[in-house]
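Reviewing the structure listed below.
FYI, it's all coordinate maths here, none of it is from the lab. In this text the structure is predicted, and so the values were computed from the model without any measurement. Reconstructed Cβ throughout: ideal geometry from the backbone, glycine too, with neighbour counts over all protein chains shown.
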Amino acid sequence: MARRAPSINTGSMADISFLLLSFFLMVSSINTEQGIPRRLPPPKDEKATEQKVDINRRNVLSVLVNFNDELLVNGEEIQISQLKDKAMEFLENPTNSSTLPEKKIKEINFLGDYPVSEGVISLTNDQSTSYDMYVQVQNELQKAVNELRDKVSSSYFGKKYDNLDTAFQNSIQKAVPMNISEAPPIDYNKTE
Amino acid sequence: MSRFRKGEKKELPEINTGSTSDIIFMFLFFFITITNMRDATLKVTYSPPKATEVQKLEKKSLVASIYVGAPVGKNENTLPPGKISVQLNDQTIKQEDLVADVRDFVGTEKESRNEEDKNKLTFSLKIDKSVQMRYVNIIKSELRKNNALKINYAAGKIAEPKKN
């Protein structure tokens, strides 16, 4: 006759799992990776000589950040809060003014023929510029592009850019490209 | 016999606590899945700049982090003028090794991913907001030279200021 095995006391199981739970809560972190994504230009080809690309002056918005975190946009000193509007005006060129970048008609999926701006934002910073300022500038430029994309998106699809499908997003990315070119930094107060 | 029964009737029946541990285990698994382990012990402190246009990175496993900030301990390697350390993996690096170490870091991080993930690897620059651009530029140019082109400027999210 087999005896029934005595039941094991499971009262402390809860304590053990609580211990495990609090351990995992302590060593893990919920915070997700977030930030401003960028793509660096491909590395310079050693053999190829530096190609001088002729870019029309009207197609360039030069953004300079100096060692005092001050902004100079096309020779004009402005505040960081004005940068977004400046960049938007530059990239959009709503009045087809002859001082702002020219547009090239391109055929884009879903959008048909769309005048794509040829504008390039050239960003130069000083070696002593603070990283904070640099990110702020990048942020403002990104904001300008995002707002333009939203604008195009709502006029063509009636939705915000973020809510579109990837295929539509891609065509809008082609319509409103993000062209930031980073010039080699200058060093105003060289310490060496 | 009758004495035994009498005593039992007076007590309240015990609540079955056997399932408490199941509930807690459920919590445990929930937390294990939604969180991720801190991969490196930080030897620098950094407070990232705040921005409005931040995006979340898709896959945590395809992110390699480079930390730049103030050193925590006294014996960490620093860059001149002495208040900034660069941390790769688990240690801060010496100034003269900066370029070589970043190169090695890119190499080993790429090596540890399989072929198709190599180009999706994002290097997240977790840099304190007070750091001067000269160090950022060194790291960036080294990343570029080594074909690590997807980068991310880590930034905290702030709500958009009111529209005028």
Requested in this report: Using only Cα atoms, find the angle between the long axis of helix A:13-27 and the longest principal axis of chain A, and express it within 0 to 90 degrees, rounded to the nearest 10.
Outcome: 20 degrees
**Report entry** Förster radius 35 Å - calculated FRET efficiency between B:D22 and A:S181 (Cβ-Cβ, nearest 0.05)
**Finding:** 0.05
Query - A:K160 paired with A:Q173, simple spin-label distance in nm, labels 7 Å along Cα-to-beta-carbon - result: 2.0 nm
Query raised in the report: chain B: longest stretch without exposed GluC sites (Glu not before Pro) (DSSP loop, at most 14 other Cβ within 10 Å), sites themselves excluded?
Result: B:59-164
Query - DSSP bridge orientation in the protein assembly as shown - percent antiparallel, rounded to nearest 5 - result: 60 percent
Report summary line: For A:N179, the residues 5 or more places away or on another chain with a placed amide H closer than 5 Å to its own amide H are A:I121
Query - Within chain B, longest stretch clear of exposed trypsin sites (Lys or Arg not before Pro) (DSSP loop, no more than 10 other Cβ within 10 Å) - result: B:75-161
Query raised in the report: How crowded by other chains is A:123-134, given as the mean number of beta carbons from other chains within 10 Å of each beta carbon?
Result: 6
Query - Charge sum, other residues only, whose C-beta stays under 9 Å from B:N146's C-beta, Lys/Arg counted +1 and Asp/Glu -1 - result: +3
Requested in this report: Have a look at the DSSP beta bridges in chain A and tell me what percent are antiparallel, nearest 5.
Outcome: 55 percent
Query raised in the report: Two-decimal Rg/Rh of chain A from alpha-carbon positions, Kirkwood Rh?
Result: 1.27
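Suppose R0 equals 35 Å; then what is the FRET efficiency for A:R57 and B:Q55 from their Cβ-Cβ distance, rounded to the nearest 0.05?
After rounding, the FRET efficiency stands at 0.60.
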Query raised in the report: Quick one: if the Förster radius is 56 Å, what FRET efficiency do B:E11 and B:S112 give, using the C-beta to C-beta distance and rounding to 0.05?
Result: 0.35
**Report entry** Estimated distance in nm for a label pair at B:V99 and A:E77, the labels positioned 7 Å out from Cα along Cα-to-Cβ
**Finding:** 3.6 nm
Report task. Only loop residues by DSSP count here, and only those with at most 10 other Cβ atoms within 10 Å; note down the GluC sites (Glu not before Pro) in the range A:46-143 that meet that. Result -> A:E46, A:E50
Query raised in the report: Once both labels are modelled 7 Å past Cα along the beta-carbon direction, what's the B:I158-A:S98 spacing in nm?
Result: 4.2 nm
**Report entry** Cα long-axis angle, helix B:98-111 against chain B (0 to 90 degrees, to the nearest 10)
**Finding:** 50 degrees
Query raised in the report: Mind checking the angle between helix B:20-34 and chain B's longest principal axis? C-alpha axes, 0 to 90 degrees, to the nearest 10.
Result: 10 degrees
Query raised in the report: Just for chain B, what percent of DSSP beta bridges are antiparallel, to the closest 5?
Result: 40 percent
Report summary line: Note, the range B:46-57: 3J(HN,Hα) by Karplus (6.51, -1.76, 1.60, θ = phi - 60°), whole Hz, Gly/Pro = x, goes 9, 10, x, x, 9, 8, 9, 9, 6, 10, 7, 7
